[in-house]
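Asks: Let me give you the structure first, and then I'll get to my questions.
The values are calculated or read from the model by the stated rules, or taken from the named source; none is laboratory data. Please read these numbers as outputs of a predicted model, since none were measured by experiment. Because the Cβ atoms are built from the backbone with ideal geometry, glycine has one as well, and the counts that use them run over all protein chains shown.
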Amino acid sequence: MNKNHIFAAAVALGFGASAAMAEDCAPSKWGAEDTIGSANLVTPERTLEAAKLIKQGKSMPLGITIGPDTPAFPPRSLSLQVVQPNQQGGQKLTGFGYEGNYNDDVLQTWIGIG
């Protein structure tokens, strides 16, 4: 078998496996067009019920700010670079139908730092 045959067999196997897995999926109880799944359970009534469970007025942060100084076990690290592609020297872009510019972020990190 040459490389092309091996590649074609791998692609065919992947498509076949995807189709088989899709057949095994149970239909969503929220309907075929639903995009939020169990978030449908979050209703105004349930939110009011949950609010009755509050005993103290404390709030807890659910995230942390991460940056180059965030503690991490070696070799984990974080690097964030903000760039303006094709906008060197303040050059404006006109491809959007108006003069403007934009920033992109180039992020290189390890999951699990912090």
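Asks: Just give me the residues in segment 37-81 being at pLDDT below 90, farther than 30 Å from N103 by Cβ and among the aliphatic types (A, V, I, L, M), in sequence order.
Replies: M60
Asks: Now, a different point. Among the candidates R46, R76, which residue alone is in a loop (DSSP other than H, G, I, E, B) and of a type in the set (K, R)?
Replies: After ruling out the rest, the residue left standing is R76.
Asks: Within segment 84-101, is even one residue in contact with a Lys or Arg (Cβ under 9 Å, 6 or more places away or on another chain), of a type in the set (S, T, N, Q) and assigned to a loop (DSSP other than H, G, I, E, B)?
Replies: Within segment 84-101 (the criterion being in contact with a Lys or Arg (Cβ under 9 Å, 6 or more places away or on another chain), of a type in the set (S, T, N, Q) and assigned to a loop (DSSP other than H, G, I, E, B)), the answer is yes, since at least one residue qualifies.
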